[in-house]
Amino acid sequence: MSEKIFERLNDASGVYFDGSLVERRQTPFQLLEVYETPELGRIFRLDGFNMTSERDEFFYHENLLRSFSDEASSSPFWQL
């Protein structure tokens, strides 16, 4: 069942997506949600705020792994 996923950016604006709830869990610390959307793929949300989506994965992947691989290729420890 599709529903509107709202995220308020400030008092005057925000965004919404159409999506279907895949998982919702309340931990002792935060509310975890995963939605399936046509535009962004799966969206991961914490406490009602978008954290990442499948469409955004490229940005995280490049920043996390690229710096490591650049460092590893110049380090004698990582060379065979």
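Values in this text are rule-based calculations from the coordinates and carry no lab data. Small disclaimer: the values here were computed from a predicted structure and weren't measured. Note that we place each Cβ from the backbone using ideal geometry, even for glycine, and neighbour counts take in every protein chain shown.
On full extension, the segment bounded by residue 9 and residue 21 gains 2.2 nm, given 0.36 nm per residue less the C-alpha separation. Here the spin labels are modelled as points 7 Å beyond Cα on the Cα-Cβ line, and at residue 52 and residue 32 they lie 1.4 nm apart. With the highest mean first, a sort of the peptides 2-13, 38-49 on other beta-carbon atoms found within 10 angstrom per residue produces 38-49, 2-13. Derived scalar couplings between HN and Hα for the stretch 17-23 equal 10, 8, x, 10, 5, 9, 8 Hz in order, rounded to whole Hz, by the Karplus curve 6.51 cos²θ - 1.76 cosθ + 1.60 (θ = phi - 60°), x for Gly and Pro.
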